[in-house]
Amino acid sequence: MSTDPAGSPLLSVRGLQKRFGTNHVLRGVDLDVQPGSVTVLIGPSGSGKTTVLRALNALEVPESGVVRVGEVTVDYAARPDARRLARLRAQSGMVFQGHYLFPHMSVLGNVTAGPELVQKRPRDEVEAEARVLLAQVGLADKADQHPFELSGGQQQRVGIARALAIRPRLMLFDEPTSSLDPELVGEVLQVLKQLASKGWTMVVVTHEIRFAQQVADQVLFLDGGVVLESGPPRQVLAHPRHERTQQFLRRILDPL
Amino acid sequence: MPAGTGELVGDAAGPLLQGLVLGTIPLTAISFVLGVVLALLLALMRLSGVRALAVIARTYVSLVRGTPLLLQLFIIFYGLPSLGVTIDPFPSAVIAFTLNVGGYASEVVRAAILAVPRGQWEAASTVGMGYTTTLRRVVLPQATRVAVPPLSNTLISLVKDTSLASTILVTELLRKAQELAAPTFEFFTLYTVAAGYYWVVCLVLSFSQARLERRFDRYVAA
């Protein structure tokens with residue numbers, strides 16, 4: 001592909017626009033993510049950060065804007081068909097705030113569902129790979145249990161293994177720790193850190209500022225549907241230029 | 001109590017059981033299975049987001065629910081012949097009950113599908129599943145759990161509604177009782193035994209419902 005010394009971004013987003021009725025949630029969002037890097041999206045509620053993330057795999061279909069992951073490009077203004085959106089979606093693994101595991105399937109069944117039912121890969125291979133992934137998220141011994149038997153943190157880690165199982169190029173996390181009891185947050189963030197150190201390209205919507213400081217290569221602060229400020233964490237988080245960013249960080253670091 | 005009641009009941013028990021096993025039960029089972037298939041189809045039409053399909057399904061449900069079941073039976077058995085379509089009693093009854101169950105149960109199925117969180121559809125799509133796979137592997141297994149109690153209601157009603165088929169000459173339990181009672185005038189005894197049979201069938205179904213519900217609740221946290 002490119003011989004650009006900086007490398008070409010694995011993900012690039014240009015001019016995302018999205019309205020929900022009269023609510024203009026995205027007003028032209030641009031974003032570039034280098035392969036193997038971690039991007040953290042932060043911002044107040046309603047700022048559009050989750051909508052941006054969901055537009056990256058077409059769970060949300062914006063009115064306009066271009067999303068490219070690897071070789072797959074979707075121009076939302078051109079009203080892409082379902083097949084094209086599915087191709088884009090297949091490029092990334094998604095982890096939801098509410099995990100959305102399939103409750104009637106075993107942990108192993110959740111992880112093998114995509115590769116087995118959709119990608120039609122051989123069952124033995126899929127199962128072996130799923131067990132490796134479960135071991136990676138520290139749940140090798142839970143393969144035969146069902147989601148309701150697990151703690152919130154374990155459920156979230158199964159969700160991560162399920163997303164990894166489709167062999168995506170990019171991992172997306174939508175507030176993966178926001179619904180968890182505080183003492184369970186760490187085990188999930190540990191898995192994210194470990195994925196980052198293995199070279200996974202990740203985009204994470206989160207309020208965990210310390211995680212962003214330690215792991216992120218770039219932090220984007222969204223407000224009112226635009227990227228107000230972006231850069232390395234030591235700049236955006238430690239020395240924010242924008243008044244809005246400073247306010248936001250003060251509020252979340254010291255809510256009282 | 002008239003003399004020989006015990007004997008009468010003993011004599012009638014066999015033929016009545018025959019009416020139940022050869023008439024009521026197959027009529028109920030076939031109509032219910034086909035009716036639920038029709039209901040699923042109607043529910044998916046309403047949820048499709050395609051206006052024409054939704055309108056067809058809504059109109060159908062409205063007609064089925066807005067007219068008496070007995071009249072629906074009569075239209076199929078006594079009415080259609082004047083249009084040149086003559087159908088035997090048993091298939092006529094199957095058609096009428098299937099169409100009827102389809103209409104009522106479609107609302108149950110639709111509600112059950114809507115009860116599955118949208119996140120399940122989304123999660124399925126992020127691992128690559130399309131509409132049909134998502135429906136079969138993710139949504140319907142979860143919707144079934146929600147649908148079991150109301151569908152059991154439909155089934156139990158149907159068991160008793162099939163007695164209406166006696167009016168179009170289907171030899172099911174009630175008609176068998178009528179036939180046996182007519183020459184002897186032992187209406188009270190025979191109808192009471194018939195009622196007992198219906199009740200036993202419904203009891204068995206209620207127990208099965210409870211067992212089924214427990215099975216489906218296995219994977220749901222308390």
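The values are calculated or read from the model by the stated rules, or taken from the named source; none is laboratory data. Just so it is clear, the structure is predicted and the values come from calculations on it, not from any experiment. Backbone-built Cβ (ideal geometry, glycine too); neighbour counts: all protein chains shown.
Listed here are the helices (runs of 4 or more DSSP H) enclosed by segment B:12-83 that have at least 3 residues being exposed (fewer than 13 other Cβ atoms within 10 Å of the Cβ): B:51-66. Based on this model, can you work out whether A:Gly36 counts as without any contact (Cβ under 8 Å) to a residue 60 or more places away in the chain and away from chain B (no Cβ under 14 Å)? No, not satisfied. Checked against (1) part of a strand (DSSP E or B); (2) within 30 Å of B:Asp217 (Cα to Cα), A:Ser178 passes all but a single condition, namely (1).
Within segment A:49-106, the set of residues being part of a strand (DSSP E or B), at the interface with another protein chain (Cβ under 9 Å from one of its Cβ atoms) and closer than 23 Å to A:Gly28 by Cβ comprises just one member, A:Ser92.
For B:Val148, the conditions (1) β-branched (Val, Ile, Thr); (2) outside any helix (DSSP H, G or I); (3) surrounded by fewer than 22 Cβ atoms within 10 Å (Cβ to Cβ) all hold with the exception of (2).
Taking the listed residues B:Ile113, B:Ile156, B:Ile75, the one that is more than 14 Å from chain A (Cβ to nearest Cβ), within 30 Å of A:Arg84 (Cβ to Cβ) and of a type in the set (A, V, I, L, M) is B:Ile113, with no other qualifying. Residues of segment B:180-197 that are in contact (Cβ under 8 Å) with a residue 60 or more places away in the chain and in a helix (DSSP H, G or I): B:Leu180, B:Thr184, B:Thr189, B:Leu190, B:Val193, B:Ala194, B:Tyr197. A:Tyr76 meets each of the listed conditions (1) touching a residue at least 60 places away in the same chain (Cβ under 8 Å); (2) surrounded by fewer than 24 Cβ atoms within 10 Å (Cβ to Cβ); (3) touching a helix residue (DSSP H, G or I) at 6+ places or on another chain (Cβ under 8 Å); (4) under 29 Å from A:Val215 (Cβ atoms) apart from (4). From the residues in segment B:161-185 that are surrounded by fewer than 20 Cβ atoms within 10 Å (Cβ to Cβ) and of a type in the set (A, V, I, L, M, F, W, C), which one is nearest to B:Val101 (Cα to Cα)? Going through the qualifying residues, I end up with B:Leu169. Of the residues making up segment A:115-142, those that are within 26 Å of A:Val185 (Cβ to Cβ) and crowded, with 19+ Cβ neighbours inside 10 Å number 6.
Restricting segment B:149-167 to residues that are among the β-branched types (Val, Ile, Thr) and within 13 Å of the chain's Cα centre (by Cα), the residue that is farthest from B:Thr24 (Cα to Cα) is B:Thr154.
Table: residues versus (1) more than 13 Å from every other protein chain (Cβ to nearest Cβ); (2) touching a Lys or Arg at 6+ places or on another chain (Cβ under 7 Å); (3) surrounded by 23 or more Cβ atoms within 10 Å (Cβ to Cβ); (4) assigned to a loop (DSSP other than H, G, I, E, B).
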position	(1), (2), (3), (4)
A:Phe148	no, no, no, no
A:Gln155	no, no, yes, no
A:Leu189	yes, no, no, no
A:Gln194	yes, no, no, no
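From the residues in segment B:116-142 that are more than 7 Å from chain A (Cβ to nearest Cβ) and of a type in the set (Val, Ile, Thr), which one is farthest from A:Met105 (Cα to Cα)? That would be B:Thr132. When A:Arg54 is tested against (1) surrounded by fewer than 17 Cβ atoms within 10 Å (Cβ to Cβ); (2) charged (D, E, K, R); (3) within 12 Å of the chain's Cα centre (by Cα), just one condition goes unmet, and that condition is (1).
Which of the residues belonging to segment A:71-95 are more than 13 Å from the chain's Cα centre (by Cα), farther than 16 Å from A:Arg14 by Cβ and not basic (Lys, Arg)?
Here is the first cut: in segment A:71-95, the ones more than 13 Å from the chain's Cα centre (by Cα) are A:71-88, A:90.
After this cut, where a residue has to be farther than 16 Å from A:Arg14 by Cβ as well, the list is A:71, A:79, A:81-87, A:90.
Selection gives A:Glu71, A:Asp81, A:Ala82, A:Leu85, A:Ala86, A:Ala90.
Got at least one residue in segment A:163-179 being more than 14 Å from chain B (Cβ to nearest Cβ) and among the hydrophobic types (A, V, I, L, M, F, W, C)? No.
All conditions in (1) part of a helix (DSSP H, G or I); (2) modelled with pLDDT of 95 or more hold for A:Leu172, with the sole exception of (1). Put simply, of B:Ala105, B:Ala93 the only residue that is touching a residue at least 60 places away in the same chain (Cβ under 8 Å), farther than 30 Å from A:Leu117 by Cα and not charged (D, E, K, R) is B:Ala93.
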